[in-house]
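Written out below as structure tokens is the structure these notes cover.
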Amino acid sequence: MKKILLYLTLFSVVGLLSFTILNSGGKAGSSNAPGENNCTACHGGNPLNNGQGSVIINVGNGATEYTPGQTYPVDVIITRTGALKFGLCLSALQSNGANAGTLVATNTNENQILTQTIQGNIRNYLTHKNGGAVANDTKTFSFSWIAPSTDIGNVTFYCAANTANNNGSTSGDFI
């Protein structure tokens, strides 16, 4: 009797984890920053960076410097003719690989903040939510970034983007 209960519990947990993984959207640790993967860990079927799409990151309406503690709007514009669904994983990092400032999901229907430990640093990521990124040919993900409270030097935004055919699988997508 105990074995059956254990197996049923294990099956239920695996089933729940599988549902969560398949329905959560973007994955932490996929922004293509040093020590990371990109979206090809899940999506594929086409060459990486095939040149037929674009990703533009606009921080603070074109700001090239930050003021410590200030909040900046961020837009990530992903474009590819024929794409029907879009995704991203973005991180803002210091040169040592630690977080630089705070990412804030301002449209929680489309965006979420996830974390993962990479090279000893707990990194924060802004990713898409499953179902929140349907559009035709172009998609803008909008959120906020709060600059670090002190001047830490240069900040690098890393972003991997996905344009998908919305066929319900991870094949036929472009990264």
**Report entry** Protein accessible area in the chain, 1.4 Å probe - carbon and sulfur %
**Finding:** 55 percent
Requested in this report: Can you tell me how much longer the chain between Asn58 and Asn154 gets when fully stretched, taken as 0.36 nm per residue apart minus their C-alpha distance, in nm with one decimal?
Outcome: 33.0 nm
**Report entry** Positive-pole candidate from Ser95, Asn165, Asn61, dipole of the chain, charges at beta carbon
**Finding:** Asn165
Query - Theoretical FRET efficiency, 1/(1+(r/R0)^6), r = Cβ-Cβ of Thr138 and Asn96, R0 35 Å, to 0.05 - result: 0.50
Query raised in the report: By how many degrees, between 0 and 90 and to the nearest 10, does the Cα long axis of helix 2-23 differ from the longest principal axis of the chain?
Result: 30 degrees
Query raised in the report: Applying the Karplus parametrisation 6.51 cos²θ - 1.76 cosθ + 1.60 with θ = phi - 60° to the phi angles of region 153-167, what ³J(HN,Hα) value in whole Hz is obtained for each residue in order, glycine and proline being reported as x?
Result: x, 5, 10, 10, 9, 10, 8, 10, 10, 10, 10, 10, 8, 6, 8
Query raised in the report: Can you work out ³J(HN,Hα) from phi for every residue in region 123-137, in order, using Karplus 6.51 cos²θ - 1.76 cosθ + 1.60 and θ = phi - 60°, giving whole Hz and x for Gly and Pro?
Result: 9, 9, 9, 9, 10, 6, 9, 5, x, x, 10, 8, 6, 10, 6
Report task. May I ask for the distance between the Cα centers of region 30-93 and region 106-167, given as a whole number of Å? Result -> 7 Å
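Tell me the mean residue ellipticity at 222 nm calculated for the chain from its helices only (DSSP H runs of n ≥ 4, each -39500 (n - 2.57), averaged over every residue, nearest 500).
Only helices count here, giving -4500 deg cm²/dmol.
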Report summary line: Descending packing, highest mean Cβ count within 10 Å first, for 101-108, 150-157, 61-68 is 101-108, 150-157, 61-68
Query raised in the report: Given that compact globular proteins tend to follow 2.2 N^0.38 Å, what is the ratio of the alpha-carbon Rg of the chain to that value?
Result: 1.14
Query raised in the report: Want the number for Gln119 to Leu84: 0.36 nm per residue separation, take away the alpha-carbon distance, what's left?
Result: 9.2 nm
Query raised in the report: How far apart, in nm, are the 7 Å Cα→Cβ label points at Ile146 and Asn46?
Result: 3.7 nm
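The values are calculated or read from the model by the stated rules, or taken from the named source; none is laboratory data. Because the structure is predicted, anything quoted here is derived from the model rather than measured. Positions of Cβ are generated from backbone atoms using ideal geometry, with glycine treated the same way; all protein chains shown enter the neighbour counts. All accessible areas refer to the heavy atoms of the entire protein, side chains included, with ligands and DNA or RNA removed. Shrake-Rupley method; radii C 1.70, N 1.55, O 1.52, S 1.80 Å.
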